[in-house]
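This report concerns only the one structure given below.
None of the figures in this text is laboratory data; all of them are computed from the coordinates on show. Only a predicted model underlies this, so the values are computations on that prediction, with no experimental measurement involved. Cβ atoms come from the backbone with ideal geometry, glycine included; neighbour counts cover every protein chain shown.
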Amino acid sequence: MIDRYLVRYFLGIVDHGSFSAAALHCRVTQPTLSAGIAKLEGLLAQRLFDRSARRVRLTEAGAQFAQHARRIEAEFHAAERAVQAASPRALIRIGVAPAMPTAWLRAALSAARQVDAPERIEIVEGRGNELQAKLDRGRIDALLGPMDERAAQSDVLFEEGYAVAMALDHPLATRDAVAADEIATDTMIVRRHCEALPLVSRFFTARGVRPFMAARTVSDDRAAAYVAAGLGITVMPRSLRGADMAMPALIGFDATRRVGLQCHADERTRLNKSEGYRAFAATIAQRAR
């Protein structure tokens, strides 16, 4: 009996031209792939490849088997599609809190899609406390965003502070840090979903700073666009910094946030087995580093 993985190893070599390239494509080591081809040749009692230092070529028996292998693999794919169409796909619900970099999320979702995992990913947006409540009740399976004190240390990806986002042509843009009184007359952009907004408000109020608010937005991408255009300045986490803005520190404002990817306890084992979720989590962790 010929197992499917042997057919995939064989077609990997045919399509990619070498044992090493086929091993990368099939996500196995080259010795494992070579052993698989040796097993396949033993089952067929035929040599399928002529190997040389420069290239790998199909034998006559290999060329004949390739035609059947294509049909076999095509039937496997057709069977999988038919079953998946008839059965509901498993769902992974990931809550995404505000103030998470859009570029990170885009890269993570792209990575999850590329592994062709059978699960369907659903993104649930909301305020951090709302999503935490949904995670606790099992209404989402994981939460990407600021972590509270209940989160395990292993779930935390990084800790960061806040800074003053301003346009590159702002008079203070080249400074490493600015004081509240230096920006007291600046126009402000309010990030309404910022988890640190109450702290920011109290910080400026305590120093007698009551600026004009040019915009109030729940979109960090839009807030960044307003800042880059020079409409105003705002306080935001450092991970949201764009190439078209400066972010000097705000002297005396020492608040930080811990950001991570937290799983519901009952779903941790399932998520750890999911290639799609693992690709999503690994990409977020890579961006955080």
Query raised in the report: Once label points are set 7 Å from the Cα along Cα→Cβ at both residue 197 and residue 61, what is their separation, rounded to one decimal in nm?
Result: 7.2
Query - Structure-derived Kirkwood radius over Cα pairs in Å: which label, when the choices are [x] 21.4; [y] 23.0; [z] 20.5 - result: [y]
Query raised in the report: How big is the antiparallel share of DSSP beta bridges in the chain, given as a percent to the nearest 5?
Result: 55
Query raised in the report: Quick one: putting +1 on the C-beta of Lys and Arg, -1 on the C-beta of Asp and Glu, what dipole do you get for the chain around its Cα centre, in Debye to the nearest 20?
Result: 600
**Report entry** Dipole in debye (nearest 20) - the stretch 4-86, about Cα centre, beta carbon charges: Lys, Arg +1; Asp, Glu -1
**Finding:** 180
Query raised in the report: So for the stretch 160-256: antiparallel DSSP bridges make up what percent, rounded to the nearest 5?
Result: 55
Query raised in the report: Between residue 54 and residue 24, what is the spin-label point distance in nm, taking each point 7 Å from the Cα along the Cα→C-beta axis?
Result: 2.2
Report task. Could you work out how far apart the two model spin labels at residue 35 and residue 251 are, taking each label as a point 7 Å from the Cα in the direction of the beta carbon, and quote it in nm? Result -> 6.6
Query raised in the report: Relative contact order (percent) for the stretch 31-137, with alpha-carbon contacts under 8 angstrom and 6 or more residues of separation?
Result: 21
Query raised in the report: Expressed as a whole number of Å, what is the distance separating the alpha-carbon centroids of the stretch 133-202 and the stretch 207-233?
Result: 14
Query raised in the report: With point charges of +1 on the Cβ of Lys and Arg and -1 on the Cβ of Asp and Glu, referenced to the Cα centre of the stretch 4-86, which listed residue (25, 45, 5) lies farthest in the positive direction of the dipole?
Result: 25
Report summary line: Taking the chain and counting helices only, DSSP H stretches of n ≥ 4 at -39,500 (n - 2.57) each over all residues, the nearest-500 ellipticity at 222 nm comes to -13500 deg cm²/dmol
Query - Long-range HN-HN contacts of residue 233 with modeled amide H, under 5 Å - result: 187, 188, 189
**Report entry** Candidates 161, 95, 42, ranked by Gaussian network fluctuation over the chain, Cα under 10 Å, top entry
**Finding:** 42
Requested in this report: Would you mind calculating the relative contact order of the chain from Cα pairs under 8 angstrom and at least 6 residues apart, reporting the percent as a whole number?
Outcome: 22
Query raised in the report: Expressed as a fraction of 2.2 N^0.38 Å, the rule-of-thumb size for a compact globular protein of N residues, what is the C-alpha radius of gyration of the stretch 4-86?
Result: 1.13
